[in-house]
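Take a look at the structure below.
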Amino acid sequence: MNPITVSQVNNYISNKLRSDFNLKDMAVEGEISGLSQGAGHIYFTLKDKDSMIRCAIWKSIRKNIDESLLENGRQVVVIADISPYAKGGSYSLSVRGVMARGEGALMAEFNRVKKLLASEGLFDESHKRPLPFFPERVGIITSSTGMAIDDIRKTILQRNDYVDLIVFPTIVQGPAAPQSIIENIREANRLNKEGKRIDILIVGRGGGSPEDLAAFSDEQVARAVFNSEIPVISAVGHTEDVSICDFTADVCAKTPTEAGKLITDTFQLKEEILDRIRMLDDSIEGRVISERRAVEDSMRLLSSEIRGKIRQLKMEVDKSVLVLRENNPQKIFSKGYAAVTDSDGKIISHVSAMSKGEQYEIIMNGGSAEVTVLSTKETKQTI
């Protein structure tokens with residue numbers, strides 16, 4: 001027996017694998033694990049409950065891959081060829097395409113709608129409206145029997161005891177789902193226009209397969225979300241799920257529960273208001289104390305100024321009284337002086353103003369007397 005080398009065995013197996021038509025363009029389903037990168041290439045393991053196989057996406061292929069699908073723990077379908085490594089006696093898959101599990105035509109339609117609506121500007125941030133800070137009424141477009149409605153209701157009512165909820169029972173999967181979603185978005189907007197104001201719409205459902213969630217990536221559903229006059233929160237599936245509605249809505253919530261958390265927390269708001277009231281009370285009390293002290297200080301100052309003014313006025317009055325007393329004619333008269341007036345009561349201040357034979361009145365201490373001038377005599381004044 002002539003033995004062969006290890007290399008011959010590995011090369012033989014490698015050639016067999018490369019030439020096997022069944023090992024080309026395989027669609028292999030599994031869960032991504034051990035995701036890593038090196039030298040521009042991407043490496044991971046694809047596994048199911050019983051086996052695993054190493055996979056590689058070469059640098060030259062990466063531009064053709066939707067790398068957002070490459071996450072540890074995610075179920076995917078890869079399009080790949082067998083890639084033997086004769087020198088190491090091993091093999092792996094050379095991946096040329098990656099799709100989410102259960103997709104194909106579904107993913108192609110998703111990408112078509114996404115590309116079309118993006119080109120029309122429906123995803124632009126300029127179209128996004130802020131959610132009302134204090135919504136009074138929230139419309140919920142989802143199944144009336146699923147877990148999503150329970151999660152949304154529970155979350156909102158635990159946070160907000162003021163808001164009114166309106167549920168629009170909706171078919172959320174299957175052929176009839178898109179039209180049901182569209183009709184309920186339109187119905188909510190009709191009610192809003194007619195006066196039953198709805199501040200926010202939550203459009204969504206719980207998790208499921210891509211097929212289950214497909215209605216929320218329908219082109220017309222996405223357009224209805226975009227055209228809603230009421231701000232829309234998209235809440236479709238689990239955190240990792242993506243729908244076209246997520247892009248056309250004003251706000252995207254990762255889950256229905258998170259959508260509920262976006263509604264204003266009135267309990268927290270009440271607590272903040274109470275805190276503000278307490279702070280305001282403290283501020284007012286402090287201001288009142290401060291103002292009271294300022295008024296008391298002003299009163300003391302004013303009282304002091306008034307007392308000083310009264311003292312000053314009293315001194316001025318006393319001085320005036322003294323002046324009046326000193327200049328009182330009666331006091332002058334008591335010293336022997338007298339005043340002479342003519343018949344008109346005019347004071348005669350000089351003897352030259354008197355005429356012989358005229359009558360005058362002499363006012364002196366104790367009374368007055370009428371006199372007739374017999375003669376006048378002027379005297380020279382000396383200093």
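Just a few scattered comments:
- Simple rule: put +1 on each Lys or Arg Cβ and -1 on each Asp or Glu Cβ in the chain, find the dipole, and look at VAL323, ILE156, VAL351; the Cα lying farthest toward the positive end is VAL351.
- Placing +1 on the Cβ of every Lys and Arg and -1 on the Cβ of every Asp and Glu, with nothing else charged, gives the chain a dipole about its Cα centre of roughly 1220 debye.
- Here the contact order of the range 6-101, divided by its residue count and restricted to Cα pairs under 8 Å and six or more residues apart, works out to 32 percent.
- Hull volume in cubic angstrom per residue (convex hull over the Cα atoms of the range 70-179): 217
- Of the residues ILE182, ILE277, the one with the largest accessible area comes first in the ranking ILE277, ILE182, computed with a 1.4 Å probe on protein heavy atoms.
- Antiparallel beta bridges, as assigned by DSSP with both residues in the range 6-101, represent about 95 percent of the total such bridges.
- Note on the range 270-327: with charges restricted to the Cβ of Lys and Arg (+1) and Asp and Glu (-1), its dipole about the Cα centre is near 480 debye.
- Under 15 Å from the Cα of LYS335 - aspartates and glutamates, other chains or at least 8 residues apart: GLU326
- For the chain, alpha-carbon Rg and Dmax in angstrom: 53.7, 193
- Highest-fluctuation residue, LEU165, LEU324, LEU122 considered, GNM on the chain with Cα pairs under 10 Å: LEU324
- Here the sum of -39500 (n - 2.57) over DSSP H runs of 4 or more residues, divided by the residues of the chain, equals -12500 deg cm²/dmol at 222 nm, to the nearest 500.
- Selection from GLY195, ALA176, ALA222 lying farthest towards where the dipole of the range 171-269 points positive, charges on Cβ: GLY195
- For the chain, share of DSSP beta bridges that run antiparallel, in % to the nearest 5: 65
- When only Cα pairs below 8 angstrom with a gap of at least 6 residues are kept, the chain shows a relative contact order of 10 percent.
- Residue-normalised accessible area of the range 270-327, given per residue in Å² at a 1.4 Å probe: 95
- Degrees, to the nearest 10: 266-326 long Cα axis against longest axis of the chain: 10
- Look at the alpha carbon pairs under 8 Å that are at least 6 residues apart: their mean separation over the length of the range 122-170 gives a relative contact order of 49 percent.
- Here LYS59 is the anchor, and the lysines within straight C-alpha reach of less than 23 Å, apart from those fewer than 8 places off in the same chain, are LYS24, LYS47, LYS87.
- Computed packing ranks the peptides 212-218, 94-100 as 212-218, 94-100, most packed first, by mean other Cβ atoms within 10 Å.
- Inter-centroid distance (Cα atoms) of the range 9-58 relative to the range 237-303, Å: 57
- Pairs of Cα atoms in the range 330-373 fall into 5 Å distance bins, from 0 up to the last occupied one, in shares of 6, 23, 31, 23, 13, 4, 0 percent.
- Pairs spanning more than 24 Å between alpha-carbon atoms, out of LYS115/LYS261; LYS115/LYS254; LYS154/LYS254: LYS115/LYS261.
- Segment ILE306-LYS115, length gained on full extension (0.36 nm per residue, minus Cα span): 60.1 nm
- Charge dipole of the range 6-101 about the Cα centre (unit charges at C-beta), most positive-ward option of ALA86, HIS41, SER51: ALA86
- Given charges at beta-carbon only (K, R positive; D, E negative), |dipole| of the range 77-176 in Debye: 320
- Trypsin sites (Lys or Arg not before Pro) restricted to DSSP loop in the range 311-356 with at most 14 other C-beta within 10 Å: LYS335, LYS346, LYS356
- Simple spin-label estimate for GLU378 and THR341 in nanometres, 7 Å along Cα-Cβ: 2.6
- For a paramagnetic label modelled on SER7 (point 7 Å from Cα along Cα→Cβ), amide N atoms under 17 Å away belong, within the range 68-88, to 85-88.
- Rounded percent of accessible protein surface that carbon and sulfur make up, the chain, 1.4 Å probe: 53
- Value of Rg to Rh for the range 6-101 (Rh from inverse mean 1/r over Cα pairs, i.e. Kirkwood): 0.98
- Compactness of the range 238-326 was expressed as the Cα radius of gyration divided by 2.2 N^0.38 Å, which yields 2.91.
The values are calculated or read from the model by the stated rules, or taken from the named source; none is laboratory data. Values in this document were obtained by computation on a predicted structure and should not be read as measured data. Glycine also receives a Cβ, built like all others from the backbone with ideal geometry; neighbour counts cover every protein chain displayed. Each accessible area value is taken on the protein alone, full model and side chains, heavy atoms only, with ligands, DNA and RNA left out. Shrake-Rupley method; radii C 1.70, N 1.55, O 1.52, S 1.80 Å.
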